[in-house]
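K.L.:
This structure is in structure tokens; I'll ask about it shortly.
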Amino acid sequence: MFMKFTYVIAIFISFFSVAQPNLDFDMDVTTGVAGGYAGVTYTITNLSPDPISNLVISHPHAVITLFNPTPSTLAAGATLTASGQIAISGEYNPLGIILGSTQAAISGILNGNVVTELSDGISVTGNRVEDGPSEYQGYFPQRYGVIYVDVDLNGNYDNGIDSTISGAVINIADQNGNIFFSFH
């Protein structure tokens, strides 16, 4: 009788136990400039005692939405990092800031079974969010749309250092010559 009772309790506990995750997947996004990119850092850790193979990151907001990190097989307890980018565009905000939120997933093969984990993000307050999105900001640089010579070669317009080019015209067109934008 005692053996049957122990067996029933063991089955009951197994129904209500929470499976431990096999992967830890953190995703951090940097601030970027409108019309440019925000950098993404993916950090993947194998929490299982066995290797996980065929790792694939799926990130619908990234420039490359589906890719295999290198290496695509992660040994037990090992960690790897990979990089990506998110294009930043959007409507102009009077504050000059664009707010975004993004999340990715990773999947792989563990002992013949597919395992999947959502990315753990960073909130606007800088806290790690378990299986949650990463919040990021884009901003419009000072003098957005101004044509200038980048004297100090830092990739940004610096008032008093870089010089603007007045009267210049830039046309943005497709491969057939159809003009979409014209900046003066």
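The values are calculated or read from the model by the stated rules, or taken from the named source; none is laboratory data. Values in this document were obtained by computation on a predicted structure and should not be read as measured data. Because the Cβ atoms are built from the backbone with ideal geometry, glycine has one as well, and the counts that use them run over all protein chains shown.
K.L.:
Looking only at residues in region 158-172 that are in a loop (DSSP other than H, G, I, E, B) and modelled with pLDDT under 75, which one is farthest from Thr30 (Cα to Cα)?
P.N.:
If we take residues in region 158-172 being in a loop (DSSP other than H, G, I, E, B) and modelled with pLDDT under 75, then Gly167 is farthest from Thr30 (Cα to Cα).
Conditions (1) modelled with pLDDT of 95 or more; (2) surrounded by fewer than 16 Cβ atoms within 10 Å (Cβ to Cβ); (3) among the hydrophobic types (A, V, I, L, M, F, W, C); (4) in the same structural domain as Gly132 (by TED's automatic domain parsing), marked per residue:
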residue	(1), (2), (3), (4)
Met27	yes, no, yes, yes
Val33	no, no, yes, yes
Gly36	no, yes, no, yes
Gly39	no, yes, no, yes
Leu47	yes, yes, yes, yes
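K.L.:
Search region 115-130 for residues being of a type in the set (S, T, N, Q) and part of a loop (DSSP other than H, G, I, E, B), and hand back the single one that is surrounded by the most Cβ atoms within 10 Å (Cβ to Cβ).
P.N.:
Restricting attention to region 115-130, the residues satisfying the condition of being of a type in the set (S, T, N, Q) are 116, 119, 123, 125, 127.
With part of a loop (DSSP other than H, G, I, E, B) added as a condition, the list becomes 119, 123, 125, 127.
On the way: Ser119: 28, Ser123: 13, Thr125: 7, Asn127: 9.
Within region 115-130, the match that is surrounded by the most Cβ atoms within 10 Å (Cβ to Cβ) is Ser119.
K.L.:
Report, ordered by the first and then the second residue, all pairs with beta carbons closer than 6 Å, sequence separation of six or more or different chains, a first member in region 36-65 that is within 14 Å of Ser107 (Cα to Cα), and a second member that is in a strand (DSSP E or B) and among the charged types (D, E, K, R).
P.N.:
Every condition considered, the pairs that remain are Thr43/Asp26; Thr45/Asp24; Leu47/Asp24.
K.L.:
Let me ask another. Only one of these conditions is not met by Ile106: (1) surrounded by 13 or more Cβ atoms within 10 Å (Cβ to Cβ); (2) at pLDDT 75 or above; (3) β-branched (Val, Ile, Thr); (4) more than 28 Å from Pro49 (Cα to Cα). Which number is it?
P.N.:
The failed condition is (4).
K.L.:
Name the one entry in Gly138, Gly155, Gly126, Gly177 that is out of contact with any strand residue (DSSP E or B) (no Cβ under 8 Å at 6 or more places or on another chain), at pLDDT 80 or above and not acidic (Asp, Glu).
P.N.:
Exactly one residue qualifies, and that residue is Gly126.
K.L.:
Quickly run through region 56-70 and pick out the residues that are surrounded by fewer than 18 Cβ atoms within 10 Å (Cβ to Cβ) and either under 17 Å from Asp24 (Cβ atoms) or β-branched (Val, Ile, Thr) (or both). So that I can check it myself, show each step before the final result.
P.N.:
Initial filter on region 56-70 (surrounded by fewer than 18 Cβ atoms within 10 Å (Cβ to Cβ)): 56, 58, 60, 63-68, 70.
Once the filter is applied, which keeps residues that are surrounded by fewer than 18 Cβ atoms within 10 Å (Cβ to Cβ) and either under 17 Å from Asp24 (Cβ atoms) or β-branched (Val, Ile, Thr) (or both), region 56-70 yields Val56, Ser58, Val63, Ile64, Thr65, Thr70.
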